1. Note down the net charge around Trp354, summing +1 for each Lys or Arg and -1 for each Asp or Glu among other residues with Cβ under 13 Å from its Cβ.
2. Compute the FRET efficiency between Glu211 and Thr120 as 1/(1 + (r/R0)^6), taking r as their Cβ-Cβ distance and R0 = 25 Å, and round to the nearest 0.05.
3. Show me the trypsin sites (Lys or Arg not before Pro) within the range 235-290 that DSSP assigns to loop and that have at most 14 other Cβ atoms within 10 Å of their Cβ.
4. Fewest Cβ neighbours within 10 Å first, please rank Trp354, Trp259 accordingly.
5. Can you put Val370, Val232 in order of Cβ neighbours within 10 angstrom, beginning with the fewest?
6. Give me the log10 of I(q) over I(0) for the range 247-435 at q = 0.09, 0.10, 0.19 Å⁻¹, as the Debye formula computes it from C-alpha points; what are the numbers?
7. Give the shape of the range 1-158 as rounded, prolate or oblate, defined through the alpha-carbon gyration tensor: a ≥ b ≥ c are the square roots of its eigenvalues, a/c under 1.5 means rounded, and otherwise the shape is prolate if a/b is larger than b/c and oblate if not.
8. Would you mind estimating how fast the range 324-423 diffuses translationally, via Stokes-Einstein at 10 °C and 1.306 mPa s with the Kirkwood radius over Cα pairs, in µm²/s?
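What follows draws every value from the coordinates through simple rules; no lab data is involved. All values derive from a computational prediction rather than experimental measurement. In this analysis, Cβ positions are derived from the backbone assuming ideal geometry, glycine residues included, and neighbour counts consider all displayed protein chains.
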Amino acid sequence: MIHFRDLAATDADIAALTAFYQDHYADEFPDPDERESLANMIEYLRLREQGWYGRNNYHIILASMNGVTVGCSVIDYFAGTNVGMIEFLMVVPAVRNTGVGRAILAETERVLNSDATAETGTPLAHLFAEINDPFVPTGTPDNLDPADRAVIWDRWGFHGLDVPYAQPALSETQEPVTNLLLICKTFGRPCTPQTVRSAVADYLRWAMRVEDPERCPEFQALAAHLATLASVGTFSLSRYVGRPIPHARPLTAPTDPDWAATMELYRTTFGITEYGIPESEFIREYPVPLHFWTLRRTPASAVAGLVTFFTLTTAGFGGYGLFTGDLRGVGALRPMIAQVELRMLADRPSTRGWYIEVTPKTDQAPLRAVGFIELPVRYSVPSPNGDELPATLMYKWIGRHYSPTLPTESEVGAAVREIREVVYGFHSGKRFFEAAEESVPDR
């Protein structure tokens, strides 16, 4: 049985908090810019005891089993908007995947609902939290795969909020944290732009001690974006990281049991066109790995699609992509792109975006809808017989971007040269694209 302890500013509770902080807390925040100090946490407990929070509240909840701490939740309640904010929720590695995290969340919600009922006479309206964005890697290794973490919070009922979010620096010696997603669980009412604005302002003021959030650059950027919205978009955290569909599996050799079915899909769709390549190209060695995936609706389904791509030194590069059968009409494109981008980041964490070549007959609308931008260049691709075929060069930034800029002409040029050399095997100084008027600038 799990025992929960809502800490107070007593010697015994401060000792328990100190032990937890030293044994577990610091390890859960490998990025020092995300880590609250023990001194501050103790001070917040003392301020609560003195009534500093007024109608708001602050809680540190320790969870234990048989006298051993197994997790913790650090939370805030803001009466003005009747919302809660989870600053931190963790489960010690030894008891993960046993339901402890869900139990801590349930206790967290119970405590916040108690605060809400006491102050407003109504249940809690919304519960916010921050998680690391899987598509914004940092130089500090995460203690848990960010994509797996996103799926966990999705299962707990949270959605991503489609807004730009950054956490201001926790102290003068720390830096702002710019690799976060703001997520939310709602309880029967919509989360409006004003709700998000007010909740984050309260969070900065009461939890981070930002005296005037309106003067905080990170808050100003969020507020400016919210001012343009009639409603706040949300997204599934699981789909954001490419789960559960499509199910992708790498193909490594013609001996793979899926090779024949996958090549038949390729042959039927691309092999009979001038933009197709010899099937031998899928098994030749490249200077960087060729990722060749077969796609299914579920692990037990028949092969219904394929995707090929490279992670180059200059950028990612997408080759062929195809959905058929039960992968059509189920929204599989965005999750597939998420899986491709996560693989590119695993290959090369510095990858910022990727290029694709689009044939004249391809409908670009679905590609634009998921973030691809047509580059203003005249572009061509080589055919197996040596001809240059017209194509559109498109680019997508990895992950979400709210004010995307185009890559510069020199960046495009470097990427195209690498595509020509690595993918097509050309080693020539000739340019295979020309910038159109008022095209990609060099910054």
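1. Values: positive: Arg343, Arg348, Arg352, Lys396; negative: Glu341, Asp347, Glu357, Glu411, Glu418.
Charge balance in the 13 Å sphere: -1.
2. In this case the efficiency is close to 0.50.
3. Sparse-neighbourhood loop trypsin sites (Lys or Arg not before Pro): Arg284.
4. Trp259, Trp354
5. Least crowded to most crowded, the residues run Val370, Val232.
6. Rounded to two decimals, the profile gives -0.31, -0.39, -1.60.
7. Details: a/c = 1.45, a/b = 1.22, b/c = 1.19.
Note, shape of the range 1-158 comes out rounded.
8. Diffusion coefficient, whole number: 105 µm²/s.
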